[in-house]
Every structure is written in structure tokens, then in C-alpha cells.
């Protein structure tokens with residue numbers, strides 16, 4: 001398949017604008033951050049969306065909200081013309097108190113926010129204004145849930161500690177059994193601890209790509225606990241939509257290495 005040049009070397013930043021904002025203190029136990037994306041494409045562009053362990057609420061073309069469970073793999077969205085999306089990324093475990101049942105039921109699914117009876121009916125008055133969205137969420141603000149806080153704490157541990165490579169060892173580190181940890185993640189996060197560990201370790205790979213590091217792929221696969229490079233490549237491709245060497249070309253520093261030095265401007 002021919003490569004879209006707008007994917008390479010960070011060129012997508014000329015067509016998209018991303019903004020992020022932190023939630024108000026009373027919503028911080030539940031919401032991780034808000035995000036806004038605007039784009040302007042004269043011809044259709046295939047956007048790769050890489051998953052994180054966050055349930056999301058985001059606007060559609062008419063401003064209506066939909067709930068998106070955690071996606072177990074990458075997704076593709078076609079962007080064409082001008083558009084914008086406002087979204088709420090809940091903390092891992094943070095949507096469970098709103099939903100009132102296991103978030104695993106939402107994994108790999110999107111449903112209209114109106115179908116979630118615990119959310120206030122009608123949606124926010126202005127779905128693209130953070131103050132309006134926060135006021136809407138406060139109308140259904142649940143009580144703090146210690147299990148949700150525990151799930152968020154463990155996910156944060158995974159994200160921050162590169163040495164976390166196996167779910168059974170993580171369970172022991174957390175003072176619980178593997179099955180108990182798996183049940184907590186199914187109920188509150190929507191994916192298992194093994195998936196979350198893999199996601200954050202692979203995220204560290206993309207950080208190396210962004211820095212333009214020369215990567216020993218076989219050695220990296222071993223460092224991440226993979227039996228061989230083929231298993232690492234398979235997991236990376238499932239998560240990011242492309243093999244790692246191809247995906248690396250999306251970053252400016254890595255693109256320099258793959259394409260060779262550019263001629264000096266005169």
C-alpha cells in the first residue's frame with residue numbers, strides 16, 4: 001500500500017491541532033483529561049487511533065456525545081474536510097462509578113451517551129465548552145469508589161515503572177492474587193492487566209522512536225519480555241496498525257534516519 005506522505009516525519013501537525021486540559025478538582029477522581037482535535041484536510045486522511053485504557057466520551061458531527069469503551073487494538077478514522085471533536089478521557093476505573101456496572105461490557109464498543117441511564121439526559125448545553133461539559137457531569141457525579149481509585153493507582157504504577165512486565169508479578173507487588181487483579185481490571189478498566197502492561201511498554205518504544213534512537217529490535221523485544229522479535233512485532237502491529245520500523249517513519253527524528261539527510265536549503 002502506497003504511503004500517505006502526510007503521515008511521515010510529523011507532517012500531520014500541519015493539518016491537525018490538539019489541545020488538552022485538566023479537570024476541575026471535584027472531577028479529578030473520575031476524569032483524567034479533556035481533549036480537543038481540529039483538522040483541515042483537502043483530501044481524505046486515514047488517521048490511526050492508538051488505544052489507551054481510558055473510557056472516552058466524545059462528540060459526533062452534530063455535537064451529540066457517544067461513549068467509547070477501551071479498544072483492544074488500533075482503529076482507523078477517515079478525516080475529510082474541516083472538523084473538530086471534543087472528548088473526555090476518564091481515568092482508568094473512573095467511568096465505572098458513572099456506569100454502575102462492569103465497563104468490560106463497553107470494551108471494543110461505542111454507544112450513544114443517551115443509552116447510559118446514569119448520565120444526565122440531553123447532554124451539555126455546549127458540548128465543545130469544558131465548563132458546560134463539567135456542569136453536565138456534575139449533575140450525575142457519583143460517590144467516590146475506593147476500588148476505582150485502586151484500579152487507577154495500579155494502572156499509574158504500570159505506566160510509570162518500566163520494570164513491570166508480567167501480570168502475575170504485578171499482582172504480587174500489589175499484594176493480591178492474579179485472579180483478583182484480573183477481576184478488578186475487567187470490572188473497572190475494561191481490559192486485563194496483561195493488556196495494560198503491554199500497552200505502556202509499547203508506548204515506551206514509540207518514545208524512543210520520537211527521540212530518533214537507533215533501536216536493536218531483537219534486544220528490545222527481549223527486554224520487554226517477548227520470547228522473540230516476531231511476537232513483539234505482532235503485538236506492536238496489532239496495537240499501532242503497522243510494524244515498528246514502518247511506524248517509526250511517522251516521527252521527524254526517525255524519518256531523518258530512514259530517508260537519509262536532506263539537502264541544505266539555499
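Please treat every number below as a calculation from the coordinates, not as lab data. Keep in mind the model is a prediction, meaning the values are calculated, not measured. Cβ: placed from backbone, ideal geometry, glycine included. Neighbour counts: every protein chain shown.
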Using a ≥ b ≥ c from the Cα gyration tensor of the range 5-259 (square roots of the eigenvalues), is it rounded, prolate or oblate, where a/c under 1.5 gives rounded and otherwise the larger of a/b and b/c decides, a/b for prolate?
oblate
MRE, 222 nm, helices only [DSSP H, n ≥ 4, -39500 (n - 2.57), over the chain, to nearest 500]
-10500 deg cm²/dmol
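Decide, for the range 124-221, between rounded, prolate and oblate: order the square roots of the alpha carbon gyration tensor eigenvalues as a ≥ b ≥ c, take rounded if a/c falls under 1.5, and otherwise choose prolate if a/b is larger than b/c, else oblate.
Details: a/c = 3.41, a/b = 1.38, b/c = 2.46.
In terms of gyration-tensor shape, oblate.
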Please tell me the relative contact order of the range 5-259 in percent, rounded to the nearest whole number, where contacts are Cα pairs under 8 Å and at least six residues apart.
20
Rounded to the nearest 0.05, what FRET efficiency do residue 229 and residue 5 have when you use their Cβ-Cβ distance and R0 = 25 Å?
0.30
Relative exposure of 164, 55, 214, judged by other C-beta atoms within 10 Å (fewest first):
214, 164, 55
Using Cβ counts within 10 Å as a stand-in for footprinting exposure, how do 39, 195 rank, fewest first?
39, 195
Assuming 0.36 nm per residue, please report the length gained on full extension of the stretch residue 64 to residue 222 beyond their Cα-Cα distance.
52.4 nm
Inter-part gap, Cα centre of the range 94-150 to Cα centre of the range 181-200, in whole angstrom, is 20
How many nm separate the modelled label positions at residue 18 and residue 166, each set 7 Å beyond the Cα in the direction of the Cβ?
3.4
List residues of the range 178-218, by number, whose backbone nitrogen lies under 20 Å from a label position 7 Å along Cα→C-beta of residue 143.
188
